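The values are calculated or read from the model by the stated rules, or taken from the named source; none is laboratory data. In this text the structure is predicted, and so the values were computed from the model without any measurement. All Cβ positions, even for glycine, are placed from backbone atoms using ideal geometry, and neighbour counts span all protein chains on display. When the accessible area is computed, the model is the full protein with side chains, heavy atoms only, and any ligands, DNA or RNA have been set aside. Shrake-Rupley method; radii C 1.70, N 1.55, O 1.52, S 1.80 Å.
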Amino acid sequence: MRKNIFKIAAVGGLAMMLVACSTGGQKEGMASTEAKQQETKQVVESKESTGQPIKITFWHDRSSDTDSQFLKKQVEEFNQSNGKGIVVEEVAKGYLDDVQAAVTTAIAAGEAPVLADLSCNGIPIFASEGVLADMKPYIERDKFDMNNVVKELQDYVYYDDQIVSMPYTRGTAILYYNQNLFKEAGLDHAPGSLEELNQYAKEIYKKSNGEIQGIGYTIEPTYYQHYLLHSINGVGFIDKDGNSASCLEDGSMEKLLKDWYSWTEEGWCAIPALEKASSVMQEAFYNQKLAAFVSSSNRATSISKKAEEAGFPLGMGASVGYGGYAAPLGGGSVGIIAKGHSEDEIAAAWEFVKFLMEDKQVVANHIETGVLPVTYSAVETEEMKEFWAKDENAGYKLSYEQVKDASAPSMSIHTSEWTSAVKSAWSELIQARDISVEECINKLKDEAKEIFATS
């Protein structure tokens, strides 16, 4: 049974919220969606920004050196150039899941930011609770062209005929690999399938006498494991209707978990650390104790710089699944938090969202950080074409080329809670080694009955 996340957060504090934030809540006020849209449209059309100084806060996950520096530049440029007295204050909150948790707590306390970069887990929950502002009236007023937004990146944009977010820090998965280590193992190109990747990962481990592991994955069900499951069952870890998980019954999750467990048992696939798994895996890679790992294209610039500092040539290849190429779509989209904020604050937040979607900003975001370009017009700029034409930037171009065939979990109010349950069970199996594959599957079947019971 779903619970109201904001009431829970207010009563139980952060510890309880972290358990409940992904459970969503009843659709309060959604029956009056059309009336609310009409009312908002009338307000938007009746006035522009007041021109009075107004501060809006933006909570995000762009905390790495490269991301942080770039966002600070974006914010500074907007603050100096918007001409409407709008001042954006950016606040890093960790990873996307941390942003979701922080926003949930802040809403319950009446201290929510006006803007937040939200994941596929958070958007359906906040939208279903009526928390997110509908951007459609502003889009219509300003004649913003939604057809210019890359189609595949609109997967979390719409909810109940509302436009509740805009793609911002979206990415596809990239296989980052040490070219020297792969060449020594006999591979002079990026692997074209999971089977080929595993073959060379084993060879690297063997040639190094177990000193260098060949590949590593962190536990991210909506991202890294989603595309591996998708390459088996064509669905992923949650069904297209968002109300079930057939991977538990069709044998696909069992196959993936048996394989993954055996890879780690054999030693050539790294077991993700219990804490700061992504950072630990990347450090092993830069120290040349790990030959390859899968991570978001969003980190392309940061990873490239650190590999160069570590003194080895970096390879960037397409992510691969069973039998061939397979890629996920992930990352964040910007939502305006309507709950607790005035129309002036919402209007000011829209101005910043609109600024982020300008070609100049989209191109710079991609070139300087690796985040996907989110508009067709940005892709067609001369600056983008010249950047992609350089051999050293082939991985950046690849990240965008993967988009048309990439998959993401369906937009569902259950995604966050199901993700939490899956991560917990997989952690017991892969990290703690406390349960068997069969026990893991059975545990998740019981969880699924509870989570999807209201569907």
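Want the number for Gln80 to Glu401: 0.36 nm per residue separation, take away the alpha-carbon distance, what's left? Please report the intermediate quantities before stating the final value.
Working: separation 321, 0.36 × 321 = 115.56 nm, distance 3.46 nm.
This chain segment gains 112.1 nm when fully extended.
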Which aspartates and glutamates have a Cα less than 14 Å from the Cα of Lys73, not counting those fewer than 8 places away in the same chain? Asp65, Glu89, Glu90, Glu368
Karplus-derived HN-Hα couplings along the range 102-115 (A = 6.51, B = -1.76, C = 1.60, θ = phi - 60°), whole Hz, x at Gly and Pro: 5, 5, 4, 5, 5, 4, 4, 8, x, 10, 6, x, 7, 10
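Multiply the residue separation of Lys305 and Asp98 by 0.36 nm, subtract the distance between their alpha-carbon atoms, and state the gained length in nm to one decimal.
Working: separation 207, 0.36 × 207 = 74.52 nm, distance 2.58 nm.
Extra length available between Lys305 and Asp98 comes to 71.9 nm.
Which entries of Lys255/Lys276; Lys289/Lys443; Lys136/Lys339 show an alpha-carbon separation above 23 angstrom in the structure shown?
Values: Lys255/Lys276 27 Å; Lys289/Lys443 34 Å; Lys136/Lys339 17 Å.
Going by Cα-Cα distance, Lys255/Lys276; Lys289/Lys443 fall outside the 23 Å limit.
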Per residue solvent-accessible surface (Å²) - the chain, probe of 1.4 Å: 41 Å²
Using only the alpha-carbon atoms, how far is helix 65-81 inclined from the longest principal axis of the chain? Give it as 0 to 90 degrees, nearest 10. 20 degrees
Return the whole-Å distance between the Cα centroid of the range 51-76 and the Cα centroid of the range 238-308. 30 Å
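Quick one: pull the percent of accessible area on the chain belonging to carbon and sulfur, 1.4 Å probe, ligands and nucleic acids left out.
Working: 8960 of 18860 Å².
Summing carbon and sulfur atoms, their accessible area is 47 percent of the total for the chain.
Extension gain Asp446-Lys183, at 0.36 nm per residue separation less the Cα-Cα distance, in nm? Could the numbers behind the result be given before it?
Numbers: separation 263, 0.36 × 263 = 94.68 nm, distance 4.58 nm.
Separation in residues times 0.36 nm, less the Cα-Cα distance, equals 90.1 nm.
For the pair Lys258 and Lys423, what calculated FRET efficiency results from E = 1/(1 + (r/R0)^6), where r is the Cβ-Cβ distance and R0 = 22 Å, to the nearest 0.05? Intermediate results must be reported in sequence, preceding the final value.
On the way: r = 18 Å, r/R0 = 0.83.
After rounding to 0.05, the efficiency reads 0.75.
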Estimated distance in nm for a label pair at Ala453 and Phe312, the labels positioned 7 Å out from Cα along Cα-to-Cβ: 4.9 nm
Across the range 129-140, in residue order, what do the Karplus-derived ³J(HN,Hα) couplings come to in whole Hz, using 6.51 cos²θ - 1.76 cosθ + 1.60 with θ = phi - 60° and x for Gly and Pro? 8, x, 7, 8, 6, 7, 7, 4, x, 5, 4, 5
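How would you classify the chain from its alpha-carbon gyration tensor, with a ≥ b ≥ c the square roots of the eigenvalues: rounded for a/c under 1.5, else prolate if a/b is greater than b/c, otherwise oblate? It would help to have the intermediate numbers written out before the result.
On the way: a/c = 2.03, a/b = 1.35, b/c = 1.51.
In terms of gyration-tensor shape, oblate.
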Compute the separation of the alpha-carbon centres of the range 383-411 and the range 179-229 and state it in Å as a whole number. 21 Å
